[in-house]
Amino acid sequence: MKKFLEIKKDKLGIGTWKMGEISANRNEEISSIRCALENGVRLIDTAEMYGNGNSEKLIADAIKGFDRENLYLVSKVLPSNAGKRNIFKACENSLKNLNIDYLDLYLLHWRGSIPFEETINCMEKLKKDGKIKNWGVSNMDIDDMEELLFIPDGKNCLVNQVLYHLGSKGIEYSLKPFTDKNNITTMAYCPLAQGGRLKNQLLSSKSVQKLSKKYSISPIQVLLVYMLQKENTISIPKASRTEHMKEIVACKDIHFETEDILLLDSEYPKPSKKIPLDIE
C-alpha cells in the first residue's frame, strides 16, 4: 500500500492500449515507455486483452534494466476469465508475459456475467498467494460500485479505472464523489480525450487555446495538466512515440492557477444530472 500511496502522489502513469500489436512499431513503442520510466513515471497499465498479450510482452522488454520494486505494474483480466475457473491461469499468463513475479494491481476489465463475489474471492486469494499486491475494477458505474462495496472484502477495491477527461466528466456527478468518499482512487484512461465526448474538439476550444498560449504549451498538454490537478486521480495517457511521451512527462512540472481551472470548468462544466458512463 505504501507504494500505491507514492504512485497516487505522482498522479501520472502511462497506458499501453493498442501497443505491441504492430511489429514495425515495436522499437519506437519500447523507446517511448523507457522515456517515461527515465523521466520518473513508474506506473504502467496494460491488460491481457491488449494485443492478446502482446502489450504485456512489449512492456517486459521495455522494463528490462529497471528496478522492479520501483515500478508499479497494472494489468486487467477479461470478464470471461474473472471467475475461479480461469482467473488464476489468466493471472499467471500475464505474469509470464510481463516476466515478473507479481502484479502491483490487477483489475477486472469490465463487468461480465461472473458474480462480483466470486471475482473478489479470487482476487483475495491471488493477494494471499503473493501473485498480486492489490486489486480493483474498471469501467464500473455508481450502481456497480455500490453493489461491490456491500460484498465481503469489496472494501478492498483500490481503484476504479474509467474514461475521464475535460470533455467527459460524467463521473463527477455521482460516481467519483462516491468512490472518493470510500477511498477508491480514480484511474483516468484517455485523459487526452482520445475517446468519449467531444474528442478533438477540445483541442481547438477557447479555454484550451487560451491556456496553451498563456503557458506556451500544446493543447494536449493543457488537457493533461488539468487532469493531473484532479484530487484522488491518477491519469494514464498513452504515447506510442518518444516525442509524444516527452510532451507528456513535461506536464509534471506545469501547474495551473485556480483561475485557469475555473476557466476550463466554465467551458466544460460537470453534468447537472446522471449520464451514462463513457467507455470509448
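The values are calculated or read from the model by the stated rules, or taken from the named source; none is laboratory data. Keep in mind that what you see is a predicted model, and the values were worked out from it rather than measured. Here Cβ is always computed from backbone atoms with ideal geometry, including for glycine, and neighbour counts include all displayed protein chains. Heavy atoms of the whole protein, side chains included, go into the accessibility calculation; ligands, DNA and RNA do not. Shrake-Rupley method; radii C 1.70, N 1.55, O 1.52, S 1.80 Å.
Structural remarks
- The set of residues from the stretch 57-88 being of a type in the set (S, T, N, Q), farther than 23 Å from residue 25 by Cα and touching a residue at least 24 places away in the same chain (Cβ under 8 Å) comprises 70, 80, 81.
- Of all the numbered requirements in (1) under 18 Å from residue 138 (Cβ atoms); (2) touching a Leu at 6+ places or on another chain (Cβ under 7 Å); (3) among the hydrophobic types (A, V, I, L, M, F, W, C), residue 66 misses one, and that requirement is (1).
- Flag for residue 216 being at pLDDT below 95, more than 20 Å from residue 18 (Cα to Cα) and polar (S, T, N, Q): no
- Restricting the stretch 207-258 to residues that are aromatic (Phe, Trp, Tyr) and in a helix (DSSP H, G or I), the residue that is nearest to the chain's Cα centre (by Cα): 226
- Sole residue being among the basic types (Lys, Arg) and touching an Asp or Glu at 6+ places or on another chain (Cβ under 9 Å), chosen from 270, 230: 270
- For the stretch 37-55, taking the residues that are open to solvent by 40 Å² or more (accessible area, probe 1.4 Å) and assigned to a helix (DSSP H, G or I), the one that is farthest from residue 95 (Cα to Cα) is identified as 38.
- Residue satisfying all of: in the stretch 1-36; free of Cβ contacts under 8 Å to residues at least 24 places away in the same chain and over 19 Å from residue 232 (Cβ atoms); surrounded by the fewest Cβ atoms within 10 Å (Cβ to Cβ) among these: 24
- Check on residue 44, over 15 Å from the mean Cα position of the chain (by Cα) and not charged (D, E, K, R): no
- Here the strands (runs of 3 or more DSSP E) wholly within the stretch 89-205 that include at least 2 residues being without any contact (Cβ under 8 Å) to a residue 60 or more places away in the chain and either closer than 25 Å to residue 222 by Cβ or open to solvent by 60 Å² or more (accessible area, probe 1.4 Å) (or both) are 185-189.
Residues checked against (1) under 15 Å from residue 264 (Cβ atoms); (2) out of contact with any helix residue (DSSP H, G or I) (no Cβ under 7 Å at 6 or more places or on another chain); (3) surrounded by fewer than 17 Cβ atoms within 10 Å (Cβ to Cβ):
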| residue | (1), (2), (3) |
| --- | --- |
| 208 | yes, no, no |
| 215 | yes, yes, yes |
| 221 | yes, no, no |
| 227 | yes, yes, no |
| 232 | no, no, yes |
| 236 | no, yes, no |
| 247 | no, no, no |
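- Subset of the stretch 71-88 (residues that are part of a loop (DSSP other than H, G, I, E, B) and in contact with a Cys (Cβ under 8 Å, 6 or more places away or on another chain)): 82, 83, 84
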